[in-house]
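**Student:** Right, I'll just put the structure down here and ask away after.
The values are calculated or read from the model by the stated rules, or taken from the named source; none is laboratory data. Because the structure is predicted, anything quoted here is derived from the model rather than measured. Note: ideal-geometry Cβ built from the backbone for every residue, glycine included; neighbour counts use all protein chains shown.
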Amino acid sequence: MRAVICGANGAMGQLLCGLLGEEVAGRVSIDGENGAARTFDELQAPEADMVIDFSHHSAVADVLAYAKKNRCPAVIGTTGHTPEEKSLIHAAAQEIPVFYSGNMSLGIALLCRLAKEAAGCFPDADIEIVEVHHNRKVDAPSGTALMLFNAVKEVRPQAVANCGRAGEGKRSREEIGISSLRMGSVVGIHEVHIHTGSQMLTLRHEAVTRSMLAEGAVDAARFLAGKAPGLYDMSSMLR
């Protein structure tokens, strides 16, 4: 596999470059440092069969334009996309294979599956999602927390997210609270609390190092090889 890394000089980009080694066909980073191209237009046309993006959600249009132009799959590892940017991702998936996930961890994919199963077993339980990240993370709630909410919503279609509960008013039957904590250098902790009134079940995943996400992105890229155009995610890999 020959991959172009977008966001190559960021923390995740550097991990990806380290994992892929000689399989890195090109690097793009807005700072242009360490020999990286500032834009895809500046990138010397490498023989690449994959593009992996861990830059910023605002770069997704350029990432997808490059992937479509070169007819290669794209792995989107960024989060916080606007509705318009998500529309671009879904549209691109009609032409090329696109792997898009709020979290690149197989463990998180399993957590989503377990949360969905547990929510189905306890249809009347109160459910709360808590996510903890480092103090430099800009989006809240995290893309992973939203993945967990959407997993539960599959068995509770009437569910409504209550992000950062505040003010007065009782908790409604439909709501699922999502709380975001930002502190220190926490890589990522996600918990799903399910309370029936007589018992409480807590599902928890903790990311120990960011290399987990880089490893997941590489697995996703290899998974896309030879796939038909479409939108894929971690649950696709689990299946």
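**Student:** It is to be established whether one or more residues within region 230-239 are assigned to a loop (DSSP other than H, G, I, E, B), over 18 Å from Glu128 (Cβ atoms) and over 17 Å from the mean Cα position of the chain (by Cα).
**Tutor:** The answer is yes; a qualifying residue exists.
**Student:** With respect to the numbered conditions (1) surrounded by 17 or more Cβ atoms within 10 Å (Cβ to Cβ); (2) of a type in the set (Gly, Ala, Ser); (3) out of contact with any strand residue (DSSP E or B) (no Cβ under 8 Å at 6 or more places or on another chain), which one is the sole condition not fulfilled by Ala166?
**Tutor:** Evaluating Ala166 over (1) surrounded by 17 or more Cβ atoms within 10 Å (Cβ to Cβ); (2) of a type in the set (Gly, Ala, Ser); (3) out of contact with any strand residue (DSSP E or B) (no Cβ under 8 Å at 6 or more places or on another chain) leaves (1) as the failure.
**Student:** Grab the strands (runs of 3 or more DSSP E) fully contained in region 69-150, keeping just those with 1 or more residues being free of Cβ contacts under 8 Å to residues at least 40 places away in the same chain.
**Tutor:** So the answer is 74-76.
**Student:** Out of the residues in region 126-158 that are among the aliphatic types (A, V, I, L, M) and surrounded by fewer than 18 Cβ atoms within 10 Å (Cβ to Cβ), state the one that is farthest from the chain's Cα centre (by Cα).
**Tutor:** Val155
**Student:** Condition first: assigned to a strand (DSSP E or B) and among the acidic types (Asp, Glu). Can you find one or more residues in region 202-215 that meet it?
**Tutor:** yes
**Student:** Determine, yes or no, whether Ala61 is touching a Lys or Arg at 6+ places or on another chain (Cβ under 7 Å) and not charged (D, E, K, R).
**Tutor:** No, not satisfied.
**Student:** Scan region 202-212 and tell me whether some residue there is surrounded by 14 or more Cβ atoms within 10 Å (Cβ to Cβ), closer than 30 Å to Asn70 by Cα, touching a residue at least 24 places away in the same chain (Cβ under 8 Å) and hydrophobic (A, V, I, L, M, F, W, C).
**Tutor:** yes
**Student:** If the requirement is being modelled with pLDDT of 95 or more and out of contact with any strand residue (DSSP E or B) (no Cβ under 6 Å at 6 or more places or on another chain), which of these qualifies: Ala214, Ala228?
**Tutor:** Checking each option against the conditions leaves just Ala228.
**Student:** What number goes with the only condition from (1) over 28 Å from Pro73 (Cα atoms); (2) touching a residue at least 24 places away in the same chain (Cβ under 8 Å) that Ser198 does not pass?
**Tutor:** (2) is the only condition that Ser198 fails.
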